[in-house]
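The values are calculated or read from the model by the stated rules, or taken from the named source; none is laboratory data. Predicted, not measured: the structure shown is a model, and the values here were computed from it. Cβ sites come from the backbone with ideal geometry, for glycine too, and all protein chains shown count toward neighbours. Calculation scope for accessible area: heavy atoms of the full protein, side chains included, ligands and nucleic acids excluded. Shrake-Rupley method; radii C 1.70, N 1.55, O 1.52, S 1.80 Å.
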Amino acid sequence: MIPISLIQKTAETLMDKAAIEIPTDYLDGLKRAAAVEDGDLSSFVLKAMLENYEAAKQDRRAMCGDTGTPRWYVKMGNEAQIQGGPVALETALRRATANATNGVPLRPNRVHPLWRTDHNNNVGIGAPEIEYGYEPDGDWIDLITVHKGGLFGTDYRMLFPSDGIQGIKRFFLDSLVAFGKRGLACQPAIIGIGLGGCKDTCMVLGKRAACLRVVGDRNVDPRIAALEQEFTELGNSIGMGAMGFVGKSMVIDTHIEVGYCHTGAMQMSVHAFCLSSRRAVARVFADGRVEYRTDPNWFTDYQRRETVDWDLPQPAEVQP
Amino acid sequence: MREVTLSTTPTPEALADLALGDIVYLDGLMYTAREGVYMRALEEKANVPMELPSQSAANFHCSPAARINPDGSFEMGAVTATASFRFAKWLPDWLALSGAKLVIGKGGMRSTDYKEYFVPNGAIYLSTVGYGTGALLGRGVENVEAVHWHEELGLAQAMWVLKCKRMGPFIVASDMQGNCLFERENERISKNLHRVYEGTRPATLKRFGETDDKSEELI
């Protein structure tokens, strides 16, 4: 049984880490981009960003004043048990979000869409989002918080099989150029692409591809992995860099996730994470251990499964 | 690249000396104002709770990551600009009312905006860098002098008055002739775009927005 107090305490720490500490995989990717960038304005911007990450860590202040819209991805091992059950879990995550908004502090971004009313704590109707996933074995719970920034850099389009790869490329470029102008997408960023599913799942896949996979990670399907690399190169050949200045750094990495879709359709979504790719992860075990990391490791074989059944491990094989 | 330190109540000469792409650091008082403040001051005709522009001629399009402590003091973490083009509707009247000479934000405005109401008001646009250098900018805030209208508008839309000490970096994105740094860059980039797009295929199904003619077939 995982104590609920431990979940809330861990969640508060994660909120703090996500807002302040740039994940190493993205930082290394940005350093590589800065090393090859030759546009003078773009280079200046990347250098300032690298200094900014240091300042944030030294001062323990948020990297960016727009601290995004905090949300939670929760993954549970099949044997995980949480004190108080799922309602207690959601309460703990909502409390942690509110407490950290005041504590770090974060910007209380969340308001009612029509009345613009504000609880000043990033909690409200449907906020923070809490999404779930499961894994076949284990008694742990993974808490993942993502504070995705940016009103820009995200789009969806209904394509069709006849649009093909060249249609996908066109929409990829359209999205990057449209949102890259004047740097509205806060590039260079990790780009997530969702292909297939239904409209909602296509958006979910693309967003998760951007936010829940680390720089350098490749899709297990080698043909999709090749596309990911091709799209990164394509994005960086636009001639645009940070803030929409002349340059060559638009994309730190591209991640593509697919879902089975209607036979007549080929839905596509594009999501740009930002210069403050805020994500933090912890695995909380039943025995009270907590392991922090920055790789959500969300897209396991189980999450991408194609089959009807999934063989659960036999009782003898279950780890104590 | 040239680096300049500028007052938040700058002289016309100091502004005329700036060139597109110059890096600027700011000293003095700066206030945040975005749609909430504009609507309250311009549409509801509320009295602006500061002496403008004598106290500050620098309008920051920003909501800080900040809190008001129970004892009334302030905690300011990171400060980052928000996209300015959304405020074009209010800015002509705001520049006239406030006498702002520096508009600081994200993404700049169109050169037509600069020529129509920035230049006549003697104002220029400074862009934040990145746009995520919130921690660096936060270090440049020496003190939060006041926060106005937070009860009416909420923390994110309130008018925060910040005392800046070498706050930056910012980039000069418009000049006294109304030239636009971003449009200059876009023009250079656009020249090569046809090569990048070569071989790609326009979508089979068009969308409204790509055409404004509602009688047009989209397939």
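Computed values, structure above
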quantity: Helix-only mean residue ellipticity at 222 nm for chain B, each DSSP H run of n ≥ 4 adding -39500 (n - 2.57), per residue, nearest 500; calculated: -5000 deg cm²/dmol
quantity: Chain pair A, B: total accessible area buried, heavy atoms, 1.4 Å probe, Å²; calculated: 4900 Å²
quantity: Loop-located trypsin sites (Lys or Arg not before Pro) in the range A:1-67 whose Cβ has at most 14 other Cβ within 10 Å (DSSP); calculated: A:Arg60
quantity: Amide H within-cut-off set for A:Glu135, under 5 Å, with H built and near neighbours excluded; calculated: A:Met76, A:Gly77, A:Asn78
quantity: Around B:Glu152: net Lys/Arg minus Asp/Glu count, Cβ-Cβ under 10 Å; calculated: -1
quantity: Backbone HN-Hα couplings from phi across the range A:284-292 [Karplus 6.51/-1.76/1.60, Hz, Gly and Pro as x]; calculated: 9, 9, 4, 7, x, 6, 10, 10, 8
quantity: Of all accessible heavy-atom area on the protein assembly as shown, the percent that carbon and sulfur account for (1.4 Å); calculated: 52 percent
quantity: Lysine pairs meeting the criterion (Cα under 27 Å, 8 or more apart or interchain), as found in chain B; calculated: 19
quantity: Volume of the Cα convex hull of the range B:3-187, divided per residue and given in Å³; calculated: 100 Å³
quantity: Centre separation in Å (Cα based) which lies between the range B:199-219 and the range A:207-251; calculated: 27 Å
quantity: Listed residues B:Leu181, B:Leu20, B:Leu97, most fluctuating in chain B (Gaussian network, C-alpha, under 10 Å); calculated: B:Leu97
quantity: Cα centroid of the range A:40-98 to Cα centroid of the range A:114-177, whole Å; calculated: 15 Å
quantity: Low-density loop cleavage sites - GluC sites (Glu not before Pro) in the range A:1-80, where at most 16 other Cβ are within 10 Å (DSSP); calculated: A:Glu79
quantity: Radius 15 Å from Cβ of A:Lys47, net charge of other residues (Lys, Arg +1; Asp, Glu -1); calculated: -4
quantity: Once the Cα gyration tensor of the protein assembly as shown is diagonalised, semi-axes √(5λ) in Å; calculated: 39, 30, 20
quantity: Top of A:Arg71, A:Arg218, A:Arg279 by mean-square fluctuation, Gaussian network on chain A, Cα under 10 Å; calculated: A:Arg218
quantity: Value of [θ]222 nm, deg cm²/dmol, for chain A, DSSP H segments ≥ 4, -39500 (n - 2.57) each, nearest 500; calculated: -11500 deg cm²/dmol
quantity: Separation of alpha-carbon centers, the range B:176-196 and the range B:79-94, rounded to whole Å; calculated: 22 Å
quantity: Candidates A:Asp309, A:Asp38, A:Asp59: whichever shows maximal mean-square fluctuation once chain A is modelled as a Gaussian network with Cα springs under 10 Å; calculated: A:Asp309
